[in-house]
Structure formats: C-alpha cells, structure tokens
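Structure first, then comments.
The values are calculated or read from the model by the stated rules, or taken from the named source; none is laboratory data. Please read all numbers here as calculations on a predicted model, not as lab measurements. Note: ideal-geometry Cβ built from the backbone for every residue, glycine included; neighbour counts use all protein chains shown. Note: accessible area is taken over every heavy atom of the protein model, side chains too, but ligands, DNA and RNA are not part of it. Shrake-Rupley method; radii C 1.70, N 1.55, O 1.52, S 1.80 Å.
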Amino acid sequence: MTDMTADPVLERRPRSRVWRKLRGHRSALLGAIIVGIFALLAIAAPILPFPDPAAADWGAIRQPPSAAHWLGTDELGRDQLSRMIWGARASLMAGVVSVAIAIAIGVPLGILAGYFGGWTDAVISRCTEALLAIPFLILAIALAAFLGPSLTNAMIAIGIAATPVFIRLTRGQAISVAAEDYVESAHAIGLRTPVILRRYIFPNVLPPVLVQATLTIASAIIAEASLSFLGLGQQPPAPSWGAMLNTAKNFMTQAPWMAMWPGIAIFLVVLGFNLLGDGLRDALDPRED
C-alpha cells in the first residue's frame, strides 16, 4: 500500500537528459538564437538609440538604406529599422499572449473532456469540432472584425481561434494518461479527483502542450501580421510588420526595401519558432534517445 501512495514517475523526463538532447539539436539551437535575438530587440526597443518610430521626416521620404537610416525610410520618412524593432514587440506579444489565451482556455477544457468523458466530453468535443471546421485564419479574421480593429482584440481573436487545437490535443493526452495503471491505483486508494488531475493528469499532458504552443506562436505571428495587413490589428501610427507590408505594397517599384525587411523579419521569426518547436518535440519524446 505504501508503494501505491507514492508518486509515480509521471512520465517526467530528467531535466538533464532533455537539456542534453536539446543542446545537441542544432536546428533547435538556431531557432532559439533567432527567437532570442528578436525578443531582446523587442524588449530593449525603448532604450535603443534609434529615432522615434512614429516621427516623420519629410526630407527623407522613401530613402534607400544608408548610414543615416540603415534599413531606409518609409513613405513618411520614418526610420524603417526603428519601426522594425518596435513592430517586433507587437508581433511577439501577439504571438505569446494569444497562445497563452488558447492554453488557458483549451487545456482545462481538454482535461475535463478527456478525463470525465460522457456528456462532458460530448459537449466539449462537438463544440471543438464545430470550431475546427472553420479555417484558423478565417475564424481569427471574423472574430477580429466583430471585436473591432486593435492589437488587443486581434490577440483575443487569435487566441480563441487557436483554442480548439489545444482542446483536442489535451483531450487525447488526458484519455491516454487516465488509462494508466498509476491513475487507476490513485482511484483505488481514494485520492480526490482534483488531486489526481493536479498530480497525475496535468504534468503528463504538459510536454506536448508546450511543443504545440511553440509551433502555434509561429502561426499566431503570421495571423497577427495578416490582421494588421487587413487593418484589423495594430493601428497606425503604431508600427506593425503586417501594417508595414500593407503600406509597402503601394511602393514596390519605387521603394522595394519597405516590403523586404518586414517580410524577412516575419520569415525569420516564424522559422525560429518552428525550429525550436521541432527541437522541443524531439527532446521531450521518450522514444528519441
């Protein structure tokens, strides 16, 4: 009986082994470096010695990259580098916050559906399937249009649109974990349901959720850029990569650098999160030794 009351391994991987595998994953390290560089630039944006991203210079309209403006200027003479760095704050914040919203809603619902089953599972699963029938970006655009154009509403819309993925993932993991012998033993010795959920179910569904969160952040960044491109995200004059692309489409022949730098930034950040997510998936997979 003493052995039954002791905590099982809970499918936890030793931190040293996970860290060792992650360090040996070169593409994951590259992704972490890319994400880290953009995150540091976004955090340090207020103290970096660059011009105000909203300050217009009518004498430097659509200037190519130079010593004065390393990435050139836009249609109002605003420094592109400064706007790129401040735009990183909006994109990264949108990605992280929207995924946090999706996790906060999706993980508890997925655990409830997978653990309790029955009518609880039926109701949650049917609602999830209805949302999954709508493409992610279309649902995000519809919700953002309904809530109104702003970065906050865009993050809420993206978070709600991404929630069904986490519900389905967590439900599947919860069903698998609930069938394990140690969970049955916990029931047999009379542990309360909240204790079982906290000590046995949640720790085992967390690793795949973390991997999915990393990959979903990349999708959320693209979604935020798309909403800003359509005028439903960050509002002018606040900088946003999507809004910068929307403006740049009118000057592709006169000032191609206006579209080039935001496009490269979105590509690099999304690539970084995808590489990092792939590395986390391999590091947390017990079958990969």
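What residue, of A54, A88, is of a type in the set (G, A, S) and surrounded by 16 or more Cβ atoms within 10 Å (Cβ to Cβ)? I'd like the intermediate steps shown before the answer.
On the way: A54 fails: surrounded by 16 or more Cβ atoms within 10 Å (Cβ to Cβ).
Criteria check complete, one pass: A88.
For G72, only one of the following conditions fails: (1) open to solvent by 60 Å² or more (accessible area, probe 1.4 Å); (2) closer than 15 Å to P262 by Cα; (3) at pLDDT below 90. What is its number?
(1)
Taking the residues in segment 252-280 that are of a type in the set (F, W, Y) and either at positive phi or open to solvent by 40 Å² or more (accessible area, probe 1.4 Å) (or both) as candidates, determine which candidate is modelled with the lowest pLDDT. It would help to see each step written out before you state the result.
Of the residues in segment 252-280, the ones of a type in the set (F, W, Y) are 257, 261, 267, 273.
With the extra rule that they be either at positive phi or open to solvent by 40 Å² or more (accessible area, probe 1.4 Å) (or both), the set shrinks to 261, 267.
Details: W261: 92, F267: 95.
Ranking the candidates gives W261 first.
Looking at V96 and the list (1) closer than 21 Å to P208 by Cα; (2) touching a helix residue (DSSP H, G or I) at 6+ places or on another chain (Cβ under 7 Å); (3) open to solvent by less than 60 Å² (accessible area, probe 1.4 Å), which single condition is not satisfied?
Result: V96 fails condition (3) only.
Working carefully through the options P135, P149, P64, find the one that is within 22 Å of the chain's Cα centre (by Cα), touching a residue at least 60 places away in the same chain (Cβ under 8 Å), open to solvent by 30 Å² or more (accessible area, probe 1.4 Å) and on the phi < 0 side of the Ramachandran plot.
Details: P135 fails: touching a residue at least 60 places away in the same chain (Cβ under 8 Å); P64 fails: within 22 Å of the chain's Cα centre (by Cα).
The unique qualifying residue is P149.
Restricting attention to segment 257-279, and to residues there that are small (G, A, S) and within 14 Å of the chain's Cα centre (by Cα), which single residue is farthest from D74 (Cα to Cα)? So that I can check it myself, show each step before the final result.
Step one: list which residues in segment 257-279 are small (G, A, S), which gives 259, 263, 265, 272, 277, 279.
Going one step further and asking which of them are within 14 Å of the chain's Cα centre (by Cα), we end up with 272, 277.
On the way: G272: 27, G277: 34 Å.
Looking at the filtered set, the residue picked out is G277.
Residue-wise test of (1) closer than 30 Å to H187 by Cβ; (2) open to solvent by less than 30 Å² (accessible area, probe 1.4 Å); (3) in contact with an Asp or Glu (Cβ under 8 Å, 6 or more places away or on another chain).
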position	(1), (2), (3)
P108	yes, no, no
G114	yes, yes, yes
G118	yes, no, no
I124	yes, yes, no
L131	no, no, no
I141	no, no, no
A145	no, no, no
M155	no, yes, yes
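Got a sec? Which of V99, V107 is more than 30 Å from N246 (Cα to Cα) and touching a residue at least 60 places away in the same chain (Cβ under 8 Å)? So that I can check it myself, show each step before the final result.
Values: V99 fails: more than 30 Å from N246 (Cα to Cα).
One residue alone meets the criteria, V107.
Can you tell me which residues in segment 183-209 are of a type in the set (A, V, I, L, M, F, W, C) and surrounded by 14 or more Cβ atoms within 10 Å (Cβ to Cβ)?
Restricting attention to segment 183-209, the residues satisfying the condition of being of a type in the set (A, V, I, L, M, F, W, C) are 183, 186, 188-189, 191, 195-197, 201-202, 205-206, 209.
Once the filter is applied, which keeps residues that are of a type in the set (A, V, I, L, M, F, W, C) and surrounded by 14 or more Cβ atoms within 10 Å (Cβ to Cβ), segment 183-209 yields V183, A186, L191, I196, L197, I201, F202, V205, L206, V209.
Of the residues that make up segment 174-182, is at least one buried (at least 21 other Cβ atoms within 10 Å of the Cβ) and modelled with pLDDT of 85 or more? Spell out how you get there, then give the answer.
Kept after step one, since they are buried (at least 21 other Cβ atoms within 10 Å of the Cβ), are these residues of segment 174-182: 174, 177.
Adding the requirement that they be modelled with pLDDT of 85 or more leaves 174, 177.
The answer is yes; a qualifying residue exists.
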